[in-house]
Amino acid sequence: MLDNSYAAVMARKNEIMKRAVGMDYDRFESGSIAFDYEGMMAATGYSLEAVRKIQIEEFQIGNTPLIELKNLTALARMCAPQGMGARIFVKDEASNLSGSFKVRRAATSIHQAKKMGYKGVISATSGNYGAAVAACAAKAGLKCIVVQECFDSKGIGQPEIIEKARKCEALGAEVVQLTVGPELFYMFLRMLEETDYFNASLYTPFGIAGVETLGYEIAHQCRLLLGRDPDMVVCTNAGGGNLTGTARGLKKAGCGAEVVAASVNLSGLHMASDTQFNLKSFTTGHTGFGMPFSTWPDRSDVPRSAARPLRYMDRYVTVNQGEVFYTTEMLAALEGMEKGPAGNTSLAAAFSLAQTMPKDKIIVVQETEYTGAGKHVNAQLSFARQNGIDIRFGDPKDEVPGKSIILPSHPSMIKAKEADIEHLRTSLIHNAQKMTGKTPTEADIEFLAEETRTNTTFVKEHLA
């Protein structure tokens, strides 16, 4: 009989996670800070062409439409200085199986799980990825469990998360809903150990390789439709896998577009706080995940995360909750596209950034997601109001996360704000030294330069 106390389960977490992914992560370790990231990615054994074939032939996903948002572009130009206002395009990932880009991440993992003989898969997620895993598992004939952080200690769940649970269950998954706190990871580990199911984590190399096809498609569709590459691609950023995979796909297509991360500003709210959990109106794509995962990616449910966003982002911007809600309404009212909040985070940023770019430039929002009753703007704002959040029109810059949601009085007030990316890079360097307790070697310094997309001089200065 195993000791299933919290301390004992956490002590054997790496052993559990390795067995549940079927990959020997120790092969890539140096014994210090550095590890062989590209070697880990290559160890999947799947080329980009092979991943595309799996996605299209086994799961009928990908090749989603690239749509020009002509009315939003026209509105952005009305708000911009003369001669400015890039053309805004969106990759409609909601047309995928399960309704989001995350099915690309799931497909490769489910294919691998079936290939290795696992009887089922488990995923820890707030929902969109859970639905993707459930859909692919159903197609592959595998069992599926989704572990979901859902409620505060009073048993109250956010409407968006409840909506996602319904989606997962409709697609055949067993959904285990938990309260906020460390029990999520603990229960996830116990279920992996007890079931011997595959860990269909968001952060395995299989998952990130699945998103590479999205960046690859964007580049080739722009060339086909427009005869050129996009100038900028905006990615909603939380755990970093969306941006990492998209950027790697763009790179493999030979596309040098500027890659911009976008998150909802939830500064001041702690994601693991029971009292603050329901004071936020976004379950993903926000700074509560985006910032800490950027500065220490290996806080995930695998020994080494394949999502390394600072390796790939050129800029990081934030938008406020009210701006995203307003943009969601704009997209529906002006373009006839009703979509969920995740993709509309990067769309809000793109609407602002387009106004700083000349008219002949092209900006692509690389995802949309499905919407539903609990994901709808009205449901989210009603829930916020019930939790004492002040909701009003005004200037979004006055919004205070956890206290107010300010919808812009005019679309010109939507303003993406630059995050201090150099500070994030410095934090990653410090965290690497702190978390490992190692004195960096020359190999570590070179690795950290790659991690932060800087150089060894920058790393050495900040280690000092």
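The values are calculated or read from the model by the stated rules, or taken from the named source; none is laboratory data. The model shown is predicted, which means the values in this text are computed figures rather than measured ones. As a convention, Cβ positions derive from the backbone with ideal geometry for all residues, glycine included, and neighbour counts pool all protein chains shown. Heads up: the accessible areas ignore ligands, DNA and RNA and are worked out on the full protein's heavy atoms, side chains in. Shrake-Rupley method; radii C 1.70, N 1.55, O 1.52, S 1.80 Å.
Taken over segment 313-359, the criterion of being more than 26 Å from GLY288 (Cα to Cα) and touching a residue at least 24 places away in the same chain (Cβ under 8 Å) is satisfied by LEU334, GLU335, MET337, GLN355, THR356, MET357, PRO358, LYS359.
With surrounded by 24 or more Cβ atoms within 10 Å (Cβ to Cβ), part of a loop (DSSP other than H, G, I, E, B) and among the hydrophobic types (A, V, I, L, M, F, W, C) as the only criterion, which of PHE282, PHE351, PHE325 stands out? Working first, answer last.
On the way: PHE351 fails: part of a loop (DSSP other than H, G, I, E, B); PHE325 fails: part of a loop (DSSP other than H, G, I, E, B).
That would be PHE282, the only listed residue that is surrounded by 24 or more Cβ atoms within 10 Å (Cβ to Cβ), part of a loop (DSSP other than H, G, I, E, B) and among the hydrophobic types (A, V, I, L, M, F, W, C).
The set of residues in segment 217-238 that are part of a loop (DSSP other than H, G, I, E, B) and open to solvent by 10 Å² or more (accessible area, probe 1.4 Å) comprises GLY227, ARG228, ASP229, ASP231, ALA238. Candidates ALA373, ALA379, ALA432, ALA419: the one that is of a type outside the set (Val, Ile, Thr), open to solvent by less than 20 Å² (accessible area, probe 1.4 Å) and within 26 Å of the chain's Cα centre (by Cα) is ALA432. There is no residue in segment 41-52 that is over 17 Å from ASP301 (Cβ atoms), without any contact (Cβ under 8 Å) to a residue 60 or more places away in the chain and of a type in the set (Lys, Arg). Of all residues in segment 188-216, those satisfying the criterion of being open to solvent by 10 Å² or more (accessible area, probe 1.4 Å), touching a strand residue (DSSP E or B) at 6+ places or on another chain (Cβ under 9 Å) and in a helix (DSSP H, G or I) are MET191, THR195.
The set of residues in segment 105-133 being in contact with an Asp or Glu (Cβ under 8 Å, 6 or more places away or on another chain) and either without any contact (Cβ under 8 Å) to a residue 12 or more places away in the chain or not polar (S, T, N, Q) (or both) consists of ALA107, HIS111, TYR118, LYS119, ALA124, GLY127.
Of the strands (runs of 3 or more DSSP E) lying entirely inside segment 19-138, the ones with 1 or more residues being in contact with a Ser or Thr (Cβ under 8 Å, 6 or more places away or on another chain), open to solvent by 10 Å² or more (accessible area, probe 1.4 Å) and closer than 30 Å to TYR326 by Cβ are found at 87-91. The set of residues in segment 260-277 being open to solvent by 10 Å² or more (accessible area, probe 1.4 Å) and out of contact with any His (no Cβ under 9 Å at 6 or more places or on another chain) consists of SER267, GLY268, HIS270, ALA272, SER273, ASP274, THR275.
The single condition among (1) of a type outside the set (S, T, N, Q); (2) touching a strand residue (DSSP E or B) at 6+ places or on another chain (Cβ under 8 Å); (3) closer than 30 Å to ARG190 by Cα; (4) open to solvent by 10 Å² or more (accessible area, probe 1.4 Å) that PRO309 does not satisfy is (4).
Could you tell me whether ALA253 is touching an Asp or Glu at 6+ places or on another chain (Cβ under 6 Å), under 20 Å from GLU93 (Cβ atoms) and open to solvent by 10 Å² or more (accessible area, probe 1.4 Å)? No, not satisfied. Scanning segment 322-354 for residues that are of a type outside the set (A, V, I, L, M) and closer than 20 Å to LEU226 by Cβ turns up GLU335, SER346, PHE351. Scanning segment 146-187 for residues that are open to solvent by 20 Å² or more (accessible area, probe 1.4 Å) and of a type in the set (S, T, N, Q) gives SER153, GLN177, THR179.
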